[in-house]
Each structure stands twice: as structure tokens, then as C-alpha cells.
Amino acid sequence: MKHIAHLSSGRKLIFVLLLLFFIVIAVVTVLAVIEPTTKKPNAALPPTITYSIDQPDESKPDKDTYEWIGRADEPKYITLPSINGGGFVQRVGVDQNNEIAVPNNIHTSGWFIETVKPGDDGLSIIDGHVDGRVNGGIFRDLIKLKIGDEFNIELGVGTINNYKVTKIIQVSAKNATSVLFSQDPKIKSQLNLITCGGKYNSQTKQYDDRIIVYSELL
């Protein structure tokens, strides 16, 4: 009787171990199917410009055929009706000079991804070229904006955010950073636009000043 009882206990143990083995296999199989699905959205992040080139493209993108790539809640297009300006918005990060990268086309602007998305609470920054080798850039007339002028940002999903200009500043290039990253405490959602200004230095191939426009979400 003792021998039979011992065999029964051994069989139970083997059954339990086999059951656990098949449960583990089933869980691993399910995770293998689910994991690629959960990781898929992160696999195709929108491209971000992190290298500023000296001679950006000067061909103007066609609004009907240009293939904009970005997320639904990111800025897609900027329209500046009072100065007859506008263009698509690219994602830009920090470039090889440890500065905000500039768009690779003079007719597009660049949203600095280290700032909040336009429309969110906080400070957002968009830069753009004043000109190229031959043609004027997207922000060539930015200095002509006036306090009270309105413009808008279209998001990828189609939502339109309207802004009003509150301040226009021309500052030396060396002092531009502190001004650019300053947020008016009275403005909940602020968007700063920046481009080059002042005199062009042929030796450094840079403009001496920066034009910075403060605006608030309406």
C-alpha cells in the first residue's frame, strides 16, 4: 500500500509540473503576439532635423503635394496673413552647434521639439529662415508684424490655433537665447517666433541680430 501511494504522489507531481510548463508556454506565446503591437507606434517616430546646413533648399513646397510627416497634435502649417507669409512646419531639435536646428528648406519653419506643442500651456518656439542664397525665406517679413496682428497654426489633425502678437524684439545674436526662452508670466500659452535680422556678416556668414516675436493663444 505504501508503494502504491508513493507512485500516486509522483504522478500528481509530474502532472502539476506538466501543467505549469504548458501554462508558461501559452503565456510566452501570447506576449510574443502582443508585444510587437504595443511597440509599433514607437517604431515610426516623425523625423527631426538635428543638423543645420549652410545652404538649405530654396524650392518652395507645393501645399497640395507636400508630404508632411508628424503627429496629430503637432504643428503642421503656419499662416501669417498680415505679412502674406506661411508654410509647413518641420520638427527641429538641437543641432551640431548645440543650438536650435534650422529647417532644411527656407520656405518651411521649424518647431523646436524641446518646447511644448503650440496650443499647450507653456512656451513653444518656432524658427525660420529670413532668406536663402537667392530667395526670401518664410520669415523674411517677420519684422513687419505689429502688436495685435493675428496668425494661426494648423495641427496635424486639422485643428486651428489662433495667436495674437504681443511683443516684437530685435536683439543681438549673443543675447537672443535668454529673450527667446522667456515666457511672459501673464501668458498661459505662449508661442515665440524667431528669425535672423540686422546686418549680415560675410565673414561669419551670420546675421548680427535676431528678430523675436512673442504671441499668445487666443
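Average 1/r across all pairs of distinct alpha carbons in region 47-152, invert it, and you get the Kirkwood radius: 14.2 Å.
DSSP loop (so not H, G, I, E, B), at most 12 other Cβ within 10 Å: list which trypsin sites (Lys or Arg not before Pro) in region 188-218 pass both filters.
Qualifying residues, ordered by number: Lys188, Lys205.
Inter-label distance, Tyr66 to Gln206: 2.7 nm, where each label sits 7 Å from its Cα along the C-beta direction.
What number comes out for the charge environment of Asn162, summing +1 per Lys or Arg and -1 per Asp or Glu over other residues with Cβ under 12 Å away? Charge balance in the 12 Å sphere: -3. Could you work out the local net charge near Gly198, counting Lys and Arg as +1, Asp and Glu as -1, over the other residues with Cβ closer than 10 Å to its Cβ? Summing Lys/Arg as +1 and Asp/Glu as -1 gives 0. What is the calculated FRET efficiency for Thr166 to Glu58, with r their C-beta to C-beta distance and R₀ = 25 Å, to the nearest 0.05? That pair, Thr166 with Glu58, gives E of 0.20.
Bear in mind that the values in this text are calculations on the coordinates, not laboratory data. Small disclaimer: the values here were computed from a predicted structure and weren't measured. No Cβ is skipped: glycine too gets one built from the backbone with ideal geometry, and neighbour counts run over all protein chains shown.
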